[in-house]
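*Asks:* Mind having a look at this structure? Questions to follow.
No lab work stands behind these numbers, since they all come straight from the coordinates. As the structure is a prediction and not an experimental result, all values here were calculated from the model. Neighbour counts run over all protein chains shown; Cβ positions are idealised from the backbone, glycine included.
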Amino acid sequence: MTVTELAAACGFTPIHIADETAPIKGAYACDLLSWVIGRAEEGAALVTVMTNVNVIAVSVMAELPCVVLCESVTPDEVTLQKARDQGVSILSSSKPTYETCLAIGKVL
Amino acid sequence: MEPIKLSFNVDGENFVSAGEASTAVKTTLKKMGFPGDTVRRVAIAMYEAEINMVIHAHGGTVDVEICPDKIVIVLADKGPGIPNIDLAMQEGYSTAPDDVRSLGFGAGMGLPNIKKYSDDLEIETELGVGTTLTITINC
């Protein structure tokens, strides 16, 4: 499933799509970035409510093509620009983390 | 092939620019055609070490040597040093301040993650003088 297909299937709002064809192989939900970088599998969508610029840096290092921001939280301009520069997609979910993960789990 | 050497200065307490050195090395390794798994391990280990420098040591220097069979990353800082390396290597042990935790760091996973993703990790530290990490990742 691609990042755009994931957004459509789960009803997520695309904030930035870096690569429409980027495959999403799974998901990892966590707000502690050292847990994310240490444990998320390559190709996973990162589900989080953290919006600072380091979320994008961690996604780049761990090869996570997409960040799903829960509860309609929005990234600031610095974070968004880093996502554009580094090729990380950002989707927005209106739902809390648990429901967001359930939605992803149903379609992956 | 002669080893390729790269050097960086890491700006202390700047969480916006933190990771720039790791990103540059990751990009270089990708362009050189190193395997994806090797590139990812280098990126993760170096990023964690870079973040540690920013959190604990007011920055420092990073020297990277890229050889065909291994990548060696040496991170040197003039921070406070690590009082107890055994404790610091335990998952969940952290001395990071609250403002760092609010950014999603300081979970006590930095050094354990570096060890997990590297083939060899050497730590030289002296209280009040600084810390040098030497990370080796084989290809």
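*Asks:* What single numbered condition from (1) under 19 Å from residue B:118 (Cα atoms); (2) away from every other protein chain (no Cβ under 14 Å); (3) out of contact with any strand residue (DSSP E or B) (no Cβ under 8 Å at 6 or more places or on another chain) fails to hold for residue B:1?
*Replies:* (1)
*Asks:* Given (1) in contact with a Ser or Thr (Cβ under 8 Å, 6 or more places away or on another chain); (2) within 20 Å of residue B:112 (Cα to Cα), where does residue A:69 come up short, assuming only one miss?
*Replies:* So residue A:69 meets the others, but not (2).
*Asks:* For the range A:62-73, state whether one or more residues are over 28 Å from residue B:46 (Cβ atoms), loosely packed, with under 14 Cβ neighbours inside 10 Å, within 14 Å of chain B (Cβ to nearest Cβ) and in contact with a strand residue (DSSP E or B) (Cβ under 9 Å, 6 or more places away or on another chain).
*Replies:* yes
*Asks:* I'd like the full set of residues that are of a type in the set (Ser, Thr, Tyr) and either in contact (Cβ under 8 Å) with a residue 60 or more places away in the chain or in contact with a Leu (Cβ under 9 Å, 6 or more places away or on another chain) (or both), limited to the range A:75-93.
*Replies:* A:89, A:92, A:93
*Asks:* Could we say that residue A:8 is of a type in the set (A, V, I, L, M, F, W, C) and surrounded by fewer than 17 Cβ atoms within 10 Å (Cβ to Cβ) here?
*Replies:* The answer is yes for residue A:8.
*Asks:* Same structure again: If you go through the range A:34-52 one residue at a time, how many are farther than 12 Å from residue B:44 by Cα and either under 12 Å from the mean Cα position of the chain (by Cα) or crowded, with 22+ Cβ neighbours inside 10 Å (or both)?
*Replies:* 9
*Asks:* If residue B:115 satisfies every condition in (1) buried (at least 20 other Cβ atoms within 10 Å of the Cβ); (2) in contact (Cβ under 8 Å) with a residue 12 or more places away in the chain; (3) within 14 Å of chain A (Cβ to nearest Cβ) but one, which is the exception?
*Replies:* (1)
*Asks:* Also, I was wondering about something else. Kindly indicate which of A:21, A:48, A:13 is within 14 Å of chain B (Cβ to nearest Cβ), polar (S, T, N, Q) and touching a strand residue (DSSP E or B) at 6+ places or on another chain (Cβ under 8 Å).
*Replies:* A:48
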